[in-house]
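The structure appears below as structure tokens.
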Amino acid sequence: MKYVELKHLCSPKQWKTVSTSNLISSGYPVYGANGIIGYHSEYNHKFPTLLVTCRGATCGEVNICEPFSYVNGNAMALDDLDESKVNIKYLYYYLKYRGFKDIISGSAQPQIIRSAIEKIKIPLIELAVQVKIVETVDKIIGVILKRQSQITVLDELTQSLFLETFGDPIQNLKDFKKLSLNNVLSNIQTGWSPVASNEPAINNEQGVLKLSAVTGGRYNFKENKKLLDGTPFKTEYEVKTGDILLTRKNTKELVGACSYVFDTQSNLMFSDLIFRLNIKDESIIQPIYLWRLLNTNAMKKELSSLASGSSGSMPNISKKNLNELLIIIPPINLQEEFINKIISLEQLRRDLIESVYSYEKLYESILQKAFKSELFQEQ
């Protein structure tokens, strides 16, 4: 396979930056470090052009601008691409696959300079083969995006199903009984946060959950940190199937995020930034119902309002405030009917997530083979 330095395929350039005060509500799209940031009365790129973020925290991100766009100086435009040698999307996929860690300089303000990006070596193969690679990868990404869209629809359906069954939990127009959490919970348990490795615990190694294991509203046991050698494992904090976990401390937007544990890797503890809500009597309230109740938009606002904290610190929900939270208690048979539907939806959601994961692995494998010239044999 022949490798060619990028400077022989295009002319990397940073254009003059349009200040935010000169952006308008419509016109030609302006591309900054993270895609379109506004609009301008002029354009500096008539055709789609490959862009590499060259300043800031997202340094190394790759985009392709729309035709008739203005490209700001926070993105390096790979101008005058020689399309007789390289397909723009082939180059896009290669640069995303390769990354730019080796040429990013600066610590306080990461940056990529032209002299560095020009020296990147690009694997060149026949244009026809490049096109085949692009078509293959595009199809895989298309499937991933479709699955992700289906997951979003399922999440919206889950929210709608709750509201259709029980109504708004704050307005309580169906006049369900209301109780405070301390009437339905045997206790609220705070976890433990020992010093741990940055590496995750796998294959049932002992570990402790990160906040991100709960903040998505669905439990993700892979978001954990492995315990250091010699650190004791406290079984009273081990996460079990059927647990309800709630973040007690986080940003204002994420504090009070709640997850239900359908399944989990063993030997994982929940941290002291997470509460475990232990239900007193499941003939009164079911765990999955409580999980979905606390994930409604209305209850998320209620939970967020319970959080307090000094200036500069993350908001924190106290056990006292959480115990006083009023919730609706529908008849148990209605809860159970709802739960049966939720379990079916969650199984479908897990199947879609597994499909996304499989296609993402296929995507990685295809790119690896493609840029080693192993995917298609050149004619």
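The values are calculated or read from the model by the stated rules, or taken from the named source; none is laboratory data. Just so it is clear, the model here is predicted, and its values are computed rather than measured. Using ideal geometry, Cβ is built from the backbone for each residue, glycine included, and neighbour counts are taken over all protein chains shown. The accessibility values were calculated without ligands, DNA or RNA, using every heavy atom of the protein model including side chains. Shrake-Rupley method; radii C 1.70, N 1.55, O 1.52, S 1.80 Å.
Things worth noting here:
- Considering (1) open to solvent by less than 70 Å² (accessible area, probe 1.4 Å); (2) modelled with pLDDT of 95 or more; (3) of a type outside the set (Asp, Glu), the lone condition that Asn182 does not fulfil carries the number (1).
- Checked against the criteria, Lys177 counts as basic (Lys, Arg), farther than 30 Å from Asn74 by Cβ and either touching a Pro at 6+ places or on another chain (Cβ under 8 Å) or open to solvent by 60 Å² or more (accessible area, probe 1.4 Å) (or both).
- Members of the stretch 143-164 that are free of Cβ contacts under 8 Å to residues at least 40 places away in the same chain, more than 17 Å from Tyr289 (Cβ to Cβ) and of a type outside the set (Asp, Glu): Leu145, Lys146, Ser149, Thr152, Val153
Table: residues versus (1) polar (S, T, N, Q); (2) touching a Phe, Trp or Tyr at 6+ places or on another chain (Cβ under 6 Å); (3) more than 18 Å from Asn316 (Cα to Cα).
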position: Leu181; (1), (2), (3): no, no, no
position: Tyr219; (1), (2), (3): no, no, yes
position: Gly230; (1), (2), (3): no, no, yes
position: Asn250; (1), (2), (3): yes, no, no
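- With a requirement of 1 or more residues that are over 16 Å from Lys249 (Cα atoms), the helices (runs of 4 or more DSSP H) lying completely within the stretch 273-379 that satisfy it span 287-294, 297-306, 332-370.
- Number of positions in the stretch 119-163 that are surrounded by 18 or more Cβ atoms within 10 Å (Cβ to Cβ) and in a loop (DSSP other than H, G, I, E, B): 2
- Selection count, the stretch 185-200, where residues are farther than 19 Å from Leu325 by Cβ and open to solvent by 40 Å² or more (accessible area, probe 1.4 Å): 6
- Close contacts from the stretch 227-252, counting a first residue that is closer than 20 Å to Ile202 by Cα and a second that is β-branched (Val, Ile, Thr), with Cβ to Cβ under 7 Å and a gap of 6+ residues or different chains, come to Leu227/Val208; Leu228/Val195; Val239/Val261; Val239/Thr264; Lys240/Val261; Thr241/Val261; Thr241/Thr264.
- Selection of strands (runs of 3 or more DSSP E) fully inside the stretch 1-88 by the criterion of at least 1 residues being free of Cβ contacts under 8 Å to residues at least 40 places away in the same chain returns 35-40, 50-53, 62-64.
Table: residues versus (1) buried (at least 16 other Cβ atoms within 10 Å of the Cβ); (2) of a type in the set (Val, Ile, Thr); (3) at pLDDT 95 or above.
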position	(1), (2), (3)
Ile202	no, yes, no
Val214	yes, yes, yes
Thr247	yes, yes, yes
Thr251	no, yes, no
Leu254	yes, no, no
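- Any chance Asp102 is surrounded by fewer than 21 Cβ atoms within 10 Å (Cβ to Cβ) and in contact (Cβ under 8 Å) with a residue 60 or more places away in the chain: no
- Condition check for Lys85: over 18 Å from Leu9 (Cβ atoms) and of a type in the set (Lys, Arg): no
- So Leu334, is it of a type in the set (A, V, I, L, M, F, W, C), open to solvent by 80 Å² or more (accessible area, probe 1.4 Å), more than 30 Å from Lys234 (Cβ to Cβ) and touching a residue at least 24 places away in the same chain (Cβ under 8 Å): no
- Every condition in (1) open to solvent by 40 Å² or more (accessible area, probe 1.4 Å); (2) assigned to a loop (DSSP other than H, G, I, E, B); (3) touching a strand residue (DSSP E or B) at 6+ places or on another chain (Cβ under 7 Å) is met by Tyr92 except one, and the failing one is (2).
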